[in-house]
Amino acid sequence: MYKIGITGGIATGKSTVTSYLIEKGFPVIDCDILARKALEKNTPAYKAVLHKFGSEIKQKDAEIDRKKLANIVFNNSNKRKDLERIVHEQVLRDVQSRLRLLVQKKEPLVFIDIPLLFEVKWNFIVDETWVIACDEKTQIKRLMKRDELDESDARDRLDAQIPIDEKKKLGNVVISSNNSIDDTLAEVDKELKRLVSQINQ
């Protein structure tokens, strides 16, 4: 089974690409979804977070009060790192569990959507990386529109990630999302053709 990690920057068009891959019938593991599920009741991460941050972050239904937790870590980089480490360990376990199932199903190709692939150094779980990229001006414009932000807030969000130009250097394949969606998906089709040919050799 050949594993492709899909990454990029905020608002560069990753979801457009992954939605297209799902439509084409390829399995896609979404790490954002796994991260949201990581803190659900009784997971190892849930227990670790309660142990680290205390039972006062529990709601009446015993679920974690995510807003309260976010407030605790927002201005405390050490606590934020503790939380990220716990969540990332859970997500990695879940990714590896899903990969084992896909191996059993004999899936030849699997895509893993990892927004912070290079930041968390998860290159080791994939065979190649695709960076979905656009220029910074386009990225900021999209982010302002999508999240209803002013330019200053949009730039702050971008500054929290590795710059997209750096990610482009780190990736094996760069898919441009600067132009139309059709242009982006044409590049995806070209890479899929290469992969299918490579697997069938």
For residues that are among the β-branched types (V, I, T) and more than 22 Å from the chain's Cα centre (by Cα), scanning just the range 165-201, find the one that is modelled with the lowest pLDDT.
I199
Go through the range 10-29 residue by residue and tally those that are of a type outside the set (A, V, I, L, M, F, W, C), touching a helix residue (DSSP H, G or I) at 6+ places or on another chain (Cβ under 7 Å) and within 20 Å of I125 (Cβ to Cβ).
1
Look at the range 2-33 and say how many of its residues are part of a loop (DSSP other than H, G, I, E, B) and on the phi > 0 side of the Ramachandran plot.
3
Across the range 29-44, which residue is nearest to T129 (Cα to Cα) among those that are surrounded by fewer than 18 Cβ atoms within 10 Å (Cβ to Cβ) and touching a residue at least 12 places away in the same chain (Cβ under 8 Å)?
D32
Output for the range 1-22, where each listed residue is among the basic types (K, R) and surrounded by 23 or more Cβ atoms within 10 Å (Cβ to Cβ):
K14
Which of the residues belonging to the range 123-162 are β-branched (V, I, T) and closer than 26 Å to H88 by Cβ?
I125, V126, T129, V131, I132, I162
If you go through S180, S176, the only one that is of a type in the set (S, T, Y), exposed (fewer than 14 other Cβ atoms within 10 Å of the Cβ) and within 17 Å of S15 (Cβ to Cβ) is S180
Any chance the range 100-115 includes a residue that's surrounded by 18 or more Cβ atoms within 10 Å (Cβ to Cβ), part of a helix (DSSP H, G or I) and touching a helix residue (DSSP H, G or I) at 6+ places or on another chain (Cβ under 6 Å)?
no
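The values are calculated or read from the model by the stated rules, or taken from the named source; none is laboratory data. Note that the structure is predicted; figures quoted are calculated from it, not measured. FYI the Cβ positions are ideal-geometry reconstructions off the backbone, even for glycines, and counts take in every protein chain you see.
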